[in-house]
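Single-structure report; data block below.
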Amino acid sequence: MDRITDKIANLAKALNKPVDPNNEYIDYKTLRKQYEAQANTEISQLQQRSKKARVEAIHGRSDLNPKWTFSNLVEDSDDVIEAVSIAQSFIAAHDDPAWRQSGSHMMIFYGDYGRGKSHIAGAIAHQLIEQYEISVLYRQLSTILEMRNFSFDFSASDNAGQRFREINHELLTVDLLILDEVCVNESILKKNAQSWFGNLLRQRLVNKKNCILITNHNLAELENALGRYCYESIREYDTYKVRFQGPSRRGVLSADQEEESSSAPPRYQPNQVR
């Protein structure tokens with residue numbers, strides 16, 4: 001008849017656990033706690049690896065600039081400091097399930113070129129991916145509209161129509177959609193583009209999906225450029241505008257840049273759009 005130590009050794013071998021070379025007796029409760037602790041550690045490591053893989057996959061699909069992070073942002077002016085504060089509040093709100101289910105939220109970043117609008121929007125996206133595994137898609141509106149126009153060429157052999165249908169599905173379903181250069185170099189969107197864009201925003205609204213729009217227009221110009229139908233779609237969201245002022249700060253926004261801005265610190269003026 002096997003001794004208890006032999007039974008324990010056989011159990012350890014069956015579980016692919018190391019066998020005590022000294023063959024010292026360990027009571028069952030102690031041995032079970034040891035194995036449970038080791039199993040929990042292995043499960044935790046597996047979960048961490050799985051999360052890392054999911055996060056990397058989301059980053060890969062997002063098309064975000066990897067340098068757009070808060071750690072690369074120099075908060076050396078009032079508008080940037082206050083914009084980051086608003087951004088962090090938006091990120092922190094994701095901790096509240098009720099907020100996430102309450103409706104669709106939109107931020108409009110507007111101001112001159114080079115003020116850090118895209119950088120801060122990207123930093124928001126990176127942090128949401130890391131903390132909450134929020135799916136993100138960054139696109140330039142002008143590029144999407146070009147793809148949409150090419151998709152109507154039914155004689156083309158480059159599958160433009162299929163590719164646009166795929167990107168359009170992503171635009172509708174992604175958790176956070178960041179559209180940059182909204183109406184850049186456009187006084188007014190064409191009527192068919194206004195209808196398509198307005199419908200996109202309304203469908204995202206119904207599905208409780210969030211958006212960030214980035215434009216160099218002021219709000220009056222933006223309303224005129226988008227058209228009434230699109231802008232009314234925006235008003236349906238819980239929408240906040242974030243204004244960036246002053247001359248271009250390109251070359252001084254990243255932490256690894258040493259050039260200093262000679263302009264006085266601009267002011268940031270948050271308001272809510274209703």
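The values are calculated or read from the model by the stated rules, or taken from the named source; none is laboratory data. Fair warning: this is a prediction, and the values are worked out from it, not measured in the lab. Here the Cβ is made from the backbone with ideal geometry for all residues, glycine too, and neighbour counts use every protein chain on show. Areas reflect the complete protein model, heavy atoms only, side chains present, ligands, DNA and RNA absent. Shrake-Rupley method; radii C 1.70, N 1.55, O 1.52, S 1.80 Å.
Dipole size of the range 23-62 about its Cα centre, with +1 on Lys/Arg Cβ and -1 on Asp/Glu Cβ: approximately 340 debye, rounded to the nearest 20. Here each label is just a point 7 Å from Cα along the line to Cβ, and for A37 and A53 those points are 2.9 nm apart.
Rolled with a 1.4 Å probe across the full set of protein chains, the surface gives S89 an accessible area near 70 Å².
Checked against a 29 Å cut-off, the cross-linked pairs K117/K190; K7/K52; K51/K209 give Cα-Cα distances beyond that limit for K7/K52. Farthest toward the positive end of the dipole of the range 65-244, out of I234, I120, A98, is the Cα of I234, where the dipole comes from beta carbon charges about the Cα centre. For T173, the accessible area of its heavy atoms, probed at 1.4 Å with every protein chain present, is near 60 square angstrom. Taking all protein chains into account, the per residue accessible area for the range 65-244 stands at 46 Å² (1.4 Å probe). Our analysis of the range 99-178 gives Rg over Rh at 1.05, with the two radii drawn from alpha carbon positions and Rh computed by the Kirkwood formula. Only protein heavy atoms count here; under a 1.4 Å probe, E42 has an accessible surface of about 90 Å². Quarter the surface of the alpha carbon convex hull of the range 23-62 and you get the mean projected area, 3.2 square nanometres. Here the range 144-205 is treated as a Stokes sphere of Kirkwood radius computed over C-alpha pairs; at 10 °C and 1.306 mPa s its diffusion coefficient rounds to 124 µm²/s.
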